[in-house]
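Taking it in order: structure first as structure tokens, then the write-up.
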Amino acid sequence: MTPPTDLVVRHSRGRPSLPEAEVKQRVFAAATELLASQGYAATTIEAIAKHAGVAKKTVYRFAENRDEVIAGIVRSWTDALESDLQCEPSGDFGQRLEATLNAIARRVLSEQAVTMFRVLTGDFPGRDALLENYTHNGIQRGRQLLTEWLERQSDVNAVLCGNAGLSADVLLSMAIAEPLRQMALGLLPPLPDGDIQQRIKAVSMVWQMAAAGQAVAQKA
């Protein structure tokens, strides 16, 4: 059997090579599709390479094993989110909060992210390792990024935020957790087809009201 063509070295045949980031995304997409359709056990490095149309050595450039591929997939979402949150949106605090929650939603409510979450709801050998990767690289890192964003808002007196970590937990629970559950169950399509704009607006409004009430109470 002819081995898969390594997409990055196509230039040797006179065809243009693909950018490294594009190849990496192709590998990640292939791994996610295999997880959803065939399960964790079948998502081997060899299967990922074949599904992505690349050589095994290409996959090994990005990860030493299957678990590292999965960790890389999840971390790619929070890497993108970290970049998003460095670009401070304009407007008052409520508008900035909405923009920030929408940025988070775009990453963690995408079709790829919802597929990963749906896989995790099952029971299969290797689930603990997959869950650990998802928790460390996704949930915990995403919470930390939002915590740091809230702390920056507090530092410039945009909002009173006594416990930024707890506030991040509450915001993520209200704005992201329930839509993710509905998407995993097939009750709501993943973004960008799904629409949670009204939910995010409501969460922002409720949170601002609570923060304003806390500020009044502290002054009393």
Per the helix-only calculation at 222 nm, which mean residue ellipticity applies to the chain, given -39500 (n - 2.57) for every DSSP H run of n ≥ 4 and division by its residues, nearest 500 deg cm²/dmol?
-20500 deg cm²/dmol
Residue span Leu187 to Ser17: 0.36 nm per residue of separation minus Cα-Cα distance leaves a gain in nm of 57.2 nm
How large is ³J(HN,Hα) for each residue in segment 87-99, as worked out from phi by the Karplus curve 6.51 cos²θ - 1.76 cosθ + 1.60 (θ = phi - 60°), to whole Hz, x for Gly and Pro?
8, 5, x, 8, x, 6, 4, x, 5, 5, 5, 4, 4
Grab the other residues whose beta carbon is less than 14 angstrom from that of Phe117, score K and R as +1, D and E as -1, and report the net.
+2
Residues in segment 72-108 that a label on Glu132 would reach, taking backbone N under 16 Å of a point 7 Å out along Cα→Cβ
72
Rounded to two decimals, what is the ratio between the C-alpha radius of gyration of the chain and 2.2 N^0.38 Å?
1.19
Given the C-alpha centroids of segment 15-92 and segment 105-150, what is the distance between them in whole angstrom?
14
Local electrostatic count, Ile176, Cβ distance below 12 Å [Lys/Arg +1, Asp/Glu -1]:
+3
Kindly state, to the nearest 0.05, the FRET efficiency for Phe93 paired with Ala177, given R0 = 35 Å and r defined as their beta-carbon distance.
0.95
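Rule-based calculations on the coordinates, nothing more; no lab input. Since the structure is predicted, the reported quantities are computational estimates derived from the model, not experimental observations. Note that each Cβ is placed from the backbone with ideal geometry, even for glycine, and that neighbours are counted across all protein chains shown.
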